Amino acid sequence: MPLTVRVIRAEHDALAAMLRTLPLLLEAQRRTGTPPDFGALRAMLFYVDEFPERFHHKKESELLFPKLRARAPTLRGTLDDLEADHAQGERAVRELQHSLLAWEQMGDSRRDKFEQQVKVYSARYLRHMRREETEVLPRAAQVLSAEDWAELDEAFGAHTDPLAPRAGQAVDEAYAPLRQRILSALPAPFGWAAALDLGTAAPGA
């Protein structure tokens with residue numbers, strides 16, 4: 001399996017785990033009356049903005065998708081849809097960050113809006129990743145050449161997602177506190193922190 005595919009799937013798995021867990025955590029806090037951890041929520045949204053939006057999507061849009069447009073014309077409609085998702089993703093996460101700040105500053109009157117936006121954002125992102133894994137990556141395996149994969153592998157292997165480091169790959173020290181902040185905020189019974197710390201697979205997208 002090309003490194004590019006392994007990177008994309010690992011990053012999808014890490015993000016999907018967080019997106020699935022976050023609404024459950026918010027619901028549990030509401031049910032038990034536990035005060036929200038705004039610092040942890042800010043860390044999660046910063047991670048989404050910093051890595052999936054700026055690194056992951058950028059490399060897909062600028063490197064992988066153009067190769068597929070040239071070699072798999074029947075994928076163009078799918079790629080157009082995914083590109084549209086990428087284009088609106090940064091705006092969507094900024095809206096989430098604003099809603100979180102409004103909740104923190106204005107109180108629980110703003111909580112419902114943030115929680116609803118999280119659910120919508122998560123559902124859309126999970127659907128987006130599922131389409132990439134079921135429609136795009138299998139076709140890429142059929143049509144891209146060894147030279148294509150070598151170029152893509154060099155690019156996709158050039159950064160380390162702090163929530164999806166490859167085996168034997170250290171997390172950048174600058175992002176280590178961010179990783180730990182997110183992991184520590186998602187404790188049992190959600191179980192994601194333990195899974196990632198042990199290097200086991202997170203739930204798939």
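The values are calculated or read from the model by the stated rules, or taken from the named source; none is laboratory data. Computed from a predicted model, the values in this text were never measured in an experiment. Because the Cβ atoms are built from the backbone with ideal geometry, glycine has one as well, and the counts that use them run over all protein chains shown.
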Candidate set from the stretch 110-151 (those that are β-branched (Val, Ile, Thr) and either exposed (fewer than 12 other Cβ atoms within 10 Å of the Cβ) or within 30 Å of Leu75 (Cβ to Cβ) (or both)); member that is farthest from the chain's Cα centre (by Cα): Val143
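Look through Arg54, Arg20, Arg31 and report the one residue that is on the phi < 0 side of the Ramachandran plot, of a type in the set (Lys, Arg) and over 12 Å from the mean Cα position of the chain (by Cα).
Within the list Arg54, Arg20, Arg31, the selection yields Arg31.
Could you check how many residues of the stretch 33-61 are out of contact with any helix residue (DSSP H, G or I) (no Cβ under 9 Å at 6 or more places or on another chain) and either in a helix (DSSP H, G or I) or within 19 Å of Ala16 (Cβ to Cβ) (or both)? Spell out the reasoning first.
Kept after step one, since they are out of contact with any helix residue (DSSP H, G or I) (no Cβ under 9 Å at 6 or more places or on another chain), are these residues of the stretch 33-61: 33.
In the following step, the residues that additionally are either in a helix (DSSP H, G or I) or within 19 Å of Ala16 (Cβ to Cβ) (or both) were identified as none.
Here the count works out to 0.
Any residue that is surrounded by fewer than 18 Cβ atoms within 10 Å (Cβ to Cβ), in contact (Cβ under 8 Å) with a residue 60 or more places away in the chain and not in a helix (DSSP H, G or I) - is there at least one of those in the stretch 66-73?
yes
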Asp172 surrounded by 19 or more Cβ atoms within 10 Å (Cβ to Cβ), in contact with a His (Cβ under 9 Å, 6 or more places away or on another chain) and either farther than 21 Å from Ala17 by Cα or charged (D, E, K, R) (or both): no
Any hit, the stretch 148-158, residues being touching a Lys or Arg at 6+ places or on another chain (Cβ under 6 Å) and not in a helix (DSSP H, G or I): no
Residues of the stretch 1-49 satisfying the condition of being surrounded by 15 or more Cβ atoms within 10 Å (Cβ to Cβ) and of a type in the set (Phe, Trp, Tyr): Phe46, Tyr47
Evaluation of Ala140 against (1) free of Cβ contacts under 8 Å to residues at least 60 places away in the same chain; (2) within 22 Å of Glu53 (Cβ to Cβ); (3) outside any loop (DSSP other than H, G, I, E, B) (one fails), failing number: (1)
Scan of the stretch 115-151 for residues that are of a type in the set (Gly, Ala, Ser) and more than 13 Å from His12 (Cα to Cα), ordered by number: Ala123, Ala140, Ala141, Ser145, Ala146, Ala150
Cross-chain or 6+ apart pairs with Cβ under 7 Å, the stretch 152-170 first and closer than 16 Å to Ala14 by Cβ and free of Cβ contacts under 8 Å to residues at least 40 places away in the same chain, then acidic (Asp, Glu) and in a loop (DSSP other than H, G, I, E, B): Thr160/Asp172
For Gly107: the one exception among (1) surrounded by fewer than 15 Cβ atoms within 10 Å (Cβ to Cβ); (2) in contact (Cβ under 8 Å) with a residue 60 or more places away in the chain: (2)
Inter-residue pairs, beta-carbon under 9 Å, first modelled with pLDDT under 75 and in the stretch 171-194, second among the hydrophobic types (A, V, I, L, M, F, W, C) and not in a helix (DSSP H, G or I), 6+ apart: Trp192/Leu186; Trp192/Ala202; Ala193/Leu186; Ala194/Ala188
